[in-house]
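Worksheet for the structure shown next.
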Amino acid sequence: IRYRIGYIQYQKKDYEGALNSLLLVHGQKQKDKNLLYSLGNTLYKRGSYDVAQGYYERLMEMLEAERIRKDILFPHAREDHKAFIEEYMHSSNNLAVILNKLAMQSGNSEKNGRALFLFGESSRAWDALTRNQETLIPSKAVSLAYLNTRNIINPRAEFEAEIYSDIPKTLEGERVLQKEVDR
């Protein structure tokens, strides 16, 4: 219930309240990937980039370990693989945005280099999800990571790197409550 309260607070842009609710859950569910992602996003929205980086780093460690265990992924044949690739795509993009912001603040080129690498990982995940499996022709749409990378390489004043800002409605393994529709 505490996580769902945090979710509602996040949706209402009450990031301080959301953070407090999510941290209460974190004391009990430190390895929940949905929670780590939500904490990273909430902290990003508050401007706490260093702390957000920590949650995203932990999440990416878990996702990398899972990617190695899964070996070859088939997103068009297996729904669980598709969900994993989407999670990986969002997480790597969001961590890259945070690293880029920290690099801009500190001048740390290593963080910026890692951000570009993670944007590349996110773009590859996008390609795996959107490429036509019969013709192998890539989608004409572009990923958020591609747009973020393009802005880092050719900065424009009106563009700021973006995260995937939606957070999961539930913790891992919980079912989403559905409204019953009157028939």
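The values are calculated or read from the model by the stated rules, or taken from the named source; none is laboratory data. Keep in mind that this is a model prediction, so the values were computed, not measured. When we count neighbours, we look across all protein chains shown, and the Cβ atoms used for this are built from the backbone with ideal geometry, even at glycine.
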Picked from segment 14-37 (must be touching a helix residue (DSSP H, G or I) at 6+ places or on another chain (Cβ under 7 Å), in contact (Cβ under 8 Å) with a residue 60 or more places away in the chain and closer than 14 Å to Arg2 by Cβ), the residue surrounded by the fewest Cβ atoms within 10 Å (Cβ to Cβ) is Lys29
Please specify each residue of segment 144-171 satisfying the condition of being of a type in the set (S, T, N, Q) and modelled with pLDDT of 90 or more.
-> Asn148, Thr149, Ser165, Thr170
Glu87 being among the acidic types (Asp, Glu) and either at pLDDT below 90 or touching a Lys or Arg at 6+ places or on another chain (Cβ under 8 Å) (or both) = yes
Report yes if some residue within segment 38-47 is among the basic types (Lys, Arg), out of contact with any His (no Cβ under 8 Å at 6 or more places or on another chain), in contact (Cβ under 8 Å) with a residue 40 or more places away in the chain and not in a helix (DSSP H, G or I); otherwise report no.
-> no
Those residues of segment 44-83 which are under 14 Å from the mean Cα position of the chain (by Cα) and at pLDDT below 90, in sequence order = Ala83
Under 23 Å from Tyr49 (Cβ atoms) and in contact (Cβ under 8 Å) with a residue 40 or more places away in the chain - does that describe any residue in segment 127-140?
-> no
Can you name every residue in segment 76-115 that is farther than 25 Å from Asp50 by Cα, out of contact with any Phe, Trp or Tyr (no Cβ under 8 Å at 6 or more places or on another chain) and not hydrophobic (A, V, I, L, M, F, W, C)?
-> His76, Arg78, Glu79, Asp80, Lys82
Show the residue pairs that are 6+ apart or on different chains and have beta-carbon atoms under 6 Å apart, the first residue being within segment 48-60 and crowded, with 16+ Cβ neighbours inside 10 Å, the second being at pLDDT 95 or above and among the β-branched types (Val, Ile, Thr).
-> Tyr49/Ile98; Ala52/Ile98; Gln53/Ile98
Looking at Glu110, Glu87, Glu79, which is the one that is in contact (Cβ under 8 Å) with a residue 12 or more places away in the chain and at negative phi?
-> Glu87
Ile5 is checked against (1) modelled with pLDDT of 95 or more; (2) outside any helix (DSSP H, G or I); (3) of a type in the set (Val, Ile, Thr) and fails just one. What number does that condition carry?
-> (2)
